[in-house]
1. Would you tell me the accessible area of Leu3, worked out with a 1.4 angstrom probe on the heavy atoms of the protein chains, in Å² to the nearest 10?
2. Would you mind counting up the charge near Asp130? Only other residues with Cβ under 12 Å from its Cβ, with Lys and Arg at +1 and Asp and Glu at -1.
3. Can you give the calculated 222 nm mean residue ellipticity of the chain, where each DSSP H run of n ≥ 4 adds -39,500 (n - 2.57) and the sum is split over every residue, rounded to the nearest 500 deg cm²/dmol?
4. Treating the angle as unsigned and between 0 and 90°, give the value, to the nearest 10°, between the Cα long axis of helix 90-101 and the longest Cα principal axis of the chain.
5. Assigning unit charges at the beta carbon (Lys, Arg +1; Asp, Glu -1) and nothing else, what dipole magnitude in debye, to the nearest 20, does the stretch 199-275 show about its Cα centre?
6. Along Cα→Cβ, 7 Å out, is where each label goes; now give me the distance between the ones at Leu181 and Asn249 in nm to one decimal.
7. Taking only Cα atoms, what is the 0 to 90° angle, nearest 10, from helix 224-241's long axis to the longest principal axis of the chain?
8. Within the set Lys90/Lys197; Lys47/Lys161; Lys23/Lys197; Lys47/Lys204; Lys47/Lys76; Lys197/Lys223, which residue pairs have Cα atoms separated by over 28 Å?
Amino acid sequence: MALSVGFIGVGNMGNPMAGNVLKAGFSMTVFDMNPKAMENLIQAGAKRAASAKEVVDAPDVEAMYLDEGGLVQRAKPGTILIDLSSVLPKTPRMIEPVAKSRGVHFLEAPVSGGVTGARAATLAIMVGGDAAAMEKARPVLRAMGPNIFHVGPAGAGNTIKAINNMMACVNSATMMEGFVLGVKAGLDPMTIYEVVKASSGGSKAIERIPRALIPRDFEPGFKVTLMNKDLETFHTIAKELHVPVTFSNLAQHYQQAALAAGLGEQDTSVVFTIIERLAGMKAPK
């Protein structure tokens, strides 16, 4: 039996993800609170949901699934519900047993890769929930990215997503501090990039130097507001488990400063400009 897909929320991330699933040949119904966000998908062959009840959308993930008339209640037995959003682990842990009691599968599947990865279908997908259900859904997930990981039961996906984003944020913050120091010391920006890339300080974060920092291109790939949210999730988990954390708090100070400066809708690389101001300089192009 051919898989059919309902996709809820087709904004900056969801739109290219849904588009890639559609390109893979799956029948799709889409819904978004913003009608314009669906137009390109409708033109590409997706069906528009006639109402919110047809493919429910709501800002509260828990309510979207568990409220009266929500997704769990409306889904037919055997349906696989896949939540791609980033939430506290307690949310999927609450939804999954309720869905199971109705014969419905629930998977959490937060992703990593940003808008660029969503467009290129290169996302990493961290799946928590029943492994057999994930295998059934694999063809749909594969249309969004090649790196699909079953990481454990419900809640595990959002836990590892929070860990990943915390590590990425800390890594980027230290890279940007070093870069600003180097430029203020008179080093050539690209020399800093080439040397560190070939040395022990190299990481994925270093690629932001030629891609974002030197050209000062802060168009959102992953917004400051979203990173701040994921850091809050990480800190909530850390408090619940009594794990002392330090570097994540320091990295979040920069994210908070960017929010205070009105830069929340920019890419997280814009934190570079905050560090520049604190250092009393502006790096040359």
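The values are calculated or read from the model by the stated rules, or taken from the named source; none is laboratory data. Because the structure is a prediction, the values reported are computed rather than measured. Every residue, glycine as well, gets a Cβ built from its backbone with ideal geometry; the counts of neighbours run over all protein chains shown. Accessible surface is based on the protein model in full, side chains and every heavy atom, while ligands, DNA and RNA are left aside. Shrake-Rupley method; radii C 1.70, N 1.55, O 1.52, S 1.80 Å.
1. Looks like 70 Å² after rounding.
2. Working: positive: Lys100, Lys136; negative: Glu96, Glu108, Glu135.
Net charge in that neighbourhood comes out at -1.
3. -15000 deg cm²/dmol
4. Approximately 20 degrees, to the nearest 10.
5. Numbers: 7 positive and 8 negative charges, 29 e Å.
With only Lys, Arg, Asp and Glu charged at Cβ, the dipole is about 140 debye.
6. My value for the distance between the label points is 2.2 nm.
7. Computed tilt is about 80 degrees.
8. Violating the 28 Å limit, Cα to Cα: Lys90/Lys197; Lys47/Lys161; Lys23/Lys197; Lys47/Lys204.
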